[in-house]
Amino acid sequence: RMAAKKKRRKEREALGDEAPPKAIPKTIENQRVYDETTVDPNDEEVAFDEATDEFAPYFNRQTVPKILITTSDRPRGRTVRFCEQLSTVIPNSHVYYRRGLALKRIIPQCIARDFTDLIVINEDRKIPNGLVLSHLPDGPTAHFRMSSVRLRKEIKRKGKEPTEHVPEVILNNFTTRLGHSVGRMFASLFPHDPQFIGRQVATFHNQRDYIFFRFHRYIFKSEKKVGIQELGPRFTLKLRSLQKGTFDSKFGEYEWIHKRREMDTSRRKFHL
Amino acid sequence: MAPAVPAVAEAAAISYCQRQSRPGLRPDPPSAASSTRQASTSTWGGGVLPPFPFILASLLPRTKTQNFCRNEYNLTGLCNRSSCPLANSQYATIREEKGRCYLYMKTIERAAFPRRLWERVLLSKNYEKALEEIDENLIYWPRFIRHKCKQRFTKITQYLIRIRKLTLKRQRKLVPLRRKIERREKRREEKALIAAQLDNAIEKELLERLKQDTYGDIYNFPIHAFDKALQQQDAESESESDAEKEEDDDEDMDKREFVEADDSDLSDFEDMDKLETSSEEEQEEEEEVEKKAPRSKSKGKTPLKGPARRKRPYIEIEYEEETEPATKTKAA
């Protein structure tokens, strides 16, 4: 193969100006199997759906997000610290210990106290490995598998802690219909008006069905150049299931479940 | 006489048989019980019998202080002479199946019939009543067995209660991990991370937002406004022709040349596309261009700097003097 490459390069040089343009290398993103649920920016049906779904009150600025973060039973130190850091990243969030309470009973209490979202971080062998994100007044519930969690002190940077300002939100690459709803779920965690003075940005970047979360502080050094400095925890999520109502494992109506046999067959097919 | 004797014998035989098969009453005197126990060892003979316990020592679960008995009919769980179901021909245990407790009894009369050896009695669900039933069934049995049976029954009912309570609470479901899949997911995640080029993506997004003026007035980059104004000039040959705009046009004419040259050096051609499509920015551009105009005039250095600037792609240095303190405070 090296020989073929060399030959090709020589040919190109030999031809000089008449050489054919360079071929675009094939990447997985290029070769991605076309997903029929890809959202077209001008799609009216989607726009209408989004205007009437559970996040409409948030996007119409009627509700202010208030978030409850909790863990599974008996969280270990790492998970507890991760929860604390997460609560500094997300404004207006509160961490409560689980203490063996059943989720089905927590949820009505949360709704009574005006919480809009519930985050449950599941822990296994002293590391957090799962995340359940539930939009509370009867909203969708998303269950993620969480991996590569890095706490703030493990990230190589020299910045300070995140301040209390409301960060901006970047949602990248959420193309399909499913991705759209998940993206809106993430967006509804943060208050709608970011404070640009804080210069903080929370990013949810979707790449090949993995959602990478990063939290940065940015500076515009000049017009064309921006410097970013990572502060805050980082983790990656992979969607396992999306449920229509609030968290109910037995009787819930699942909108999407990751079925390994069907969905993991092709390397170029992604769902988010 | 003759018919009476067999009748009596028959009656005795019948009664004896009945006595044997009926589960309840066992009117055997305690002496008979002790003799049966001894009988179990004596029938075997002296030296033939293996030493207690009657199984291989290697099969016997031991700890430093105790030996355990794995026999399922064992009453206490320990391996003792008095609590071994194999060594004792009269023995009783409590076992539970599917939440119901049974009393199992073994007597010497049935030692020859292994299939019928263990006799089973269902105990009532009521705790006190069940204790009475145990007493009833094990009347005249040795104290040790009776006592241990009741203790075992108590323990079993306690753990059944706990099971019922726990099933009402939340139960932790264990999901097995599949190693191949875990490895695959990890690898794919790493590759996705590399493909994502997060830093670049974030920077790009932020710059785009800056271009689209989501930040409003916070960042004053004059060149930014300049570019926009220029693009606007290029895109629309005829503007709305305000008087102010015409003034700016002259200035822009001077500077247009070198700025355009610099523009070609810059690689971000995306700006042009974006700026052409967005229409909201026009008004803001006008304002910013106006702001720019007095500032540059006051400095008076721009015409001198013209040729020098052609070499350098970034024209920042001059203009940032005013705004630098602002950015510095933000950085702090």
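Between the amide H of A:V95 and those of A:I69, distances stay under 5 Å, these residues lying 5 or more places away or on another chain, with hydrogens modeled in the peptide plane. For the residue pairs A:K104/A:K259; A:K153/A:K238; B:K129/B:K173; B:K64/B:K155; B:K165/B:K186, the alpha carbons lie more than 28 Å apart in B:K129/B:K173; B:K165/B:K186.
Which whole number gives the average, over all residues in A:193-202, of C-beta atoms from other chains lying within 10 Å of the residue C-beta? Mind showing how you got there, number by number?
Values: counts 0, 2, 0, 6, 2, 0, 5, 0, 4, 0.
Counting Cβ atoms of other protein chains within 10 Å of each residue's Cβ and averaging gives 2.
For A:V226, nonlocal amide neighbours, meaning residues 5 or more places apart or on other chains whose placed amide H falls under 5 Å from its own, are A:K221. Shielding of peptide B:161-171 by partners, expressed as the average count of other chain Cβ atoms within 10 Å per residue Cβ, is 1.
Using the beta-carbon distance between B:E72 and A:E154 and R0 = 30 Å, what value does 1/(1 + (r/R0)^6) give for FRET efficiency, to the nearest 0.05? Efficiency, from the Cβ-Cβ distance: 0.05.
Remark: spin-label model distance A:T52-B:K191 equals 4.2 nm, labels positioned 7 Å along the Cα→Cβ axis.
Can you tell me the order of B:74-83, A:112-121, A:196-205 when each peptide is scored by its average per-residue count of other Cβ atoms within 10 angstrom, highest first?
Details: B:74-83: 16.9, A:112-121: 18.5, A:196-205: 20.2.
So the order, starting with the most tightly packed, is A:196-205, A:112-121, B:74-83.
The helix-based estimate of mean residue ellipticity at 222 nm for chain A, built from -39,500 (n - 2.57) per DSSP H run of four or more residues and divided by its residue count, is -7000 deg cm²/dmol to the nearest 500. Here the gap between A:Y97 and A:Y254, fully extended at 0.36 nm per residue and compared with their Cα-Cα distance, gives a gain of 53.8 nm.
Counting DSSP beta bridges in chain A, what percent are antiparallel, to the nearest 5? Before the final figure, lay out the partial values.
Values: 42 of 55 bridges.
In chain A, approximately 75 percent of DSSP beta bridges are antiparallel ones.
Cut-off is 10 Å between beta-carbons; in what order do A:T70, B:T65, B:T167 appear when sorted fewest neighbours first? Least crowded to most crowded, the residues run B:T65, B:T167, A:T70. Label separation (A:R145 vs A:R268): 2.4 nm, computed from points 7 Å beyond Cα along the C-beta direction. Per Stokes-Einstein, at 20 °C and 1.002 mPa s, what whole-number D in µm² s⁻¹ belongs to the stretch A:37-263, with the Kirkwood radius over Cα pairs as the hydrodynamic radius? In µm²/s, the coefficient rounds to 117. Each label was represented as a point 7 Å from its Cα along the Cα-to-Cβ direction; for B:S124 and B:L86 these points are 3.8 nm apart. Apply 1/(1 + (r/R0)^6) to the Cβ-Cβ distance of A:S222 and A:H165, taking R0 = 35 Å, and write down the FRET efficiency to the nearest 0.05. Efficiency computed from Cβ-Cβ geometry: 0.95. Per-residue mean of foreign Cβ neighbours for B:183-193 is 5 (Cβ atoms of other chains, 10 Å radius). Residues whose amide H comes within less than 5 Å of that of A:N129, counting only those at least five positions distant or on another chain, are A:N122, A:E123, A:D124 (H built at 1.01 Å from N in the peptide plane).
No value in this document is a laboratory result; all are computed from the given coordinates. Since this is a predicted model, take the numbers as computed values, not measurements. Cβ: placed from backbone, ideal geometry, glycine included. Neighbour counts: every protein chain shown.
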